[in-house]
1. Roll a 1.4 Å probe over the protein chains and send me the accessible area per residue for the stretch 195-253 in Å².
2. What part of the accessible area of the chain, given as a whole %, is carbon or sulfur when the probe is 1.4 angstrom?
3. Rounded, prolate or oblate: which fits the stretch 113-239, taking a ≥ b ≥ c as square roots of the Cα gyration tensor eigenvalues, rounded meaning a/c under 1.5, else prolate when a/b beats b/c?
4. Name the trypsin sites (Lys or Arg not before Pro) in the stretch 155-207 that are in a loop by DSSP and that have at most 12 other C-beta atoms within 10 Å, would you?
5. Contact order normalised by length for the stretch 158-211, with contacts defined as Cα pairs under 8 Å and 6 or more residues apart; what percent is it?
6. If you project the alpha carbons of the chain onto their three principal axes, what span does each projection cover, largest first, in Å?
7. Below 8 Å between Cα atoms, with a sequence gap of 6+, how large is the relative contact order for the chain in percent?
8. Need one number: % antiparallel among DSSP beta bridges in the chain, to the nearest 5.
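The values are calculated or read from the model by the stated rules, or taken from the named source; none is laboratory data. Everything numeric here is computed off the predicted structure, so don't read it as measured data. For neighbour counting, all protein chains shown are included, and Cβ atoms are generated from backbone atoms with ideal geometry for every residue, glycine included. For the accessible areas, the whole protein counts, side chains as well, though only heavy atoms, and no ligand, DNA or RNA atoms are used. Shrake-Rupley method; radii C 1.70, N 1.55, O 1.52, S 1.80 Å.
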Amino acid sequence: MENTYPLPTTRYPLYFAIFGNPVSHSKSPLMHNLAFKGLGYSGCYGRYRLEDGKKLRETFFTLGLKGINITVPHKEHAYNACDVLDDFAQKVGAVNTIVEREGKLYGYNTDAPGFLKAISEFDDVKTVLFLGAGGTAQSTAVILKEAGYQVTILNRSAPRLEKFAKEGFTTATFDTFTPKTYDLVVNMTSAGLEDESLPAPREILETLIPHAKACVDVIYGKETPFLRLAKALGKPTKDGSDMLLYQGIIAFEHFTAYQYDFEQIKHHMKKAFIL
Ligand code: NDP
């Protein structure tokens, strides 16, 4: 993307943070600080546990921040806190990156392009099955559809599927699902994050996975039961680390007004995954 904004001054440190609740587990401070240091940019990135999402805007200005990332459960509050939204964030109703420019808050969604980049590393993928219909599934389904993928959404319950159906996605619950062949099967739920549950009944997964080219989980930092099952069935897998890294790189591009290119940032930021 072209830089159409004035470059931020870097004569004094600019302060950034991740807002969420909980936020203690987040890798974002390490990722961004490694990139600031490696690229010689005068920035510093911390973490802030925000309890009341309605106070996001006020907290941002009180802390004197230049930019933030936003994680669970505040991405909709972040959307509402912005003065200016980019087209994609506007469309999906979720913001995970905010940058302050001349007193205004600009909002972006970098989760979805991060996920798109992560899965574009698989060859010959056209059909994708999402297990889960939460906020992350929403933004990523839209970007995948725009990029030409055919996305089907399978969820344990019906209510969240309504929005997807209205947007033209094929949807099903476990009860109404008729398995087909999908190139990629993706766990878009939090099943397996803090428990040992699978995102869908084992029988459904054991029918689907053998026909898939690969399986992806958006959870990172642990091997989920879903990825364990996919490996046991002999499939290539990818966890959520690349998505996390790529959404961070794209956020960093916004924070630093495109002074650095993707690969330059990646070179430094990826070290967060071996530390
Ligand atoms: P949630 O974690 O709130 O999950 C919502 C969806 O998951 C709903 O469709 C829900 O079904 C389904 N679900 C939750 N638990 C289960 C379960 N045990 N079995 C079956 N279905 C379940 O949604 P988010 O979109 O906020 O986050 C999804 C995941 O994405 C999280 O694990 C999060 O950590 C990860 N993530 C990773 C990122 C990365 O950079 N790698 C970035 C952002 C998110 P129902 O509608 O029936 O309740």
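1. Numbers: 2240 Å² over 59 residues.
Using a 1.4 Å probe on heavy atoms only, each residue of the stretch 195-253 averages 38 Å².
2. Working: 6520 of 13030 Å².
Using a 1.4 Å probe with all protein chains present, the chain comes out at 50 percent carbon and sulfur.
3. Working: a/c = 1.33, a/b = 1.14, b/c = 1.17.
Note, shape of the stretch 113-239 comes out rounded.
4. Details: sites: R156, R160, K163, K166, K180, R202; in loops: R156, R160, K180.
For trypsin sites (Lys or Arg not before Pro) across the stretch 155-207 that sit outside H, G, I, E and B with at most 12 neighbouring Cβ atoms in 10 Å, the list reads K180.
5. 32
6. 58, 36, 35
7. Values: 510 pairs, mean separation 48.7, N = 275.
For the chain, the relative contact order is 18 percent.
8. On the way: 8 of 40 bridges.
Approximately 20 percent, going by the DSSP bridge assignments.
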